[in-house]
Amino acid sequence: MNEQQAREILGGSITPTGDLYNASCYVLWDRFVPETVTLDDEFTIDQLEAIVWWMRNKSEKQESKR
């Protein structure tokens with residue numbers, strides 16, 4: 001998984017600030033609280049992998065290291 005693949009899978013769930021949010025297949029992740037995500041729907045393995053990739057690589061902690 002890389003950023004391009006994650007972006008393709010997550011699509012409109014990526015907010016302009018880099019958080020994840022989607023009300024229809026409920027996803028909520030805040031880059032300032034990178035250890036937890038709220039999910040309430042059915043997700044494929046690829047979707048889960050993209051979510052985890054995003055959490056690991058786009059958290060505020062990771063962005064500040066760059």
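So, in segment 1-19, exactly how many residues are farther than 10 Å from Glu49 by Cα, of a type in the set (Val, Ile, Thr) and surrounded by 13 or more Cβ atoms within 10 Å (Cβ to Cβ)?
2
Just for segment 29-53: of the residues that are of a type in the set (A, V, I, L, M) and part of a loop (DSSP other than H, G, I, E, B), which one is surrounded by the fewest Cβ atoms within 10 Å (Cβ to Cβ)? Step through it out loud before you land on a result.
Within segment 29-53, the subset of a type in the set (A, V, I, L, M) is 33, 37, 39, 45, 48, 50-52.
Imposing the further condition that a residue be part of a loop (DSSP other than H, G, I, E, B) reduces the set to 33, 37.
On the way: Val33: 11, Val37: 16.
Here the residue is Val33.
If you scan segment 1-33, which residues turn out to be without any contact (Cβ under 8 Å) to a residue 12 or more places away in the chain, closer than 16 Å to Ser59 by Cβ and of a type outside the set (D, E, K, R)?
Thr15, Tyr21, Leu28, Val33
Being surrounded by 14 or more Cβ atoms within 10 Å (Cβ to Cβ) and either out of contact with any Pro (no Cβ under 9 Å at 6 or more places or on another chain) or of a type in the set (Asp, Glu) (or both): is that true of Asn22 here? Steps first, answer last, please.
Values: surrounded by 14 or more Cβ atoms within 10 Å (Cβ to Cβ): yes; either out of contact with any Pro (no Cβ under 9 Å at 6 or more places or on another chain) or of a type in the set (Asp, Glu) (or both): yes.
Considered against the rule, which asks whether it is surrounded by 14 or more Cβ atoms within 10 Å (Cβ to Cβ) and either out of contact with any Pro (no Cβ under 9 Å at 6 or more places or on another chain) or of a type in the set (Asp, Glu) (or both), Asn22 comes out as yes.
Every number here is computed from the coordinates shown, using simple stated rules; none is lab data. The structure presented is a predicted model; accordingly, all values stated were derived computationally and were not measured. Cβ atoms come from the backbone with ideal geometry, glycine included; neighbour counts cover every protein chain shown.
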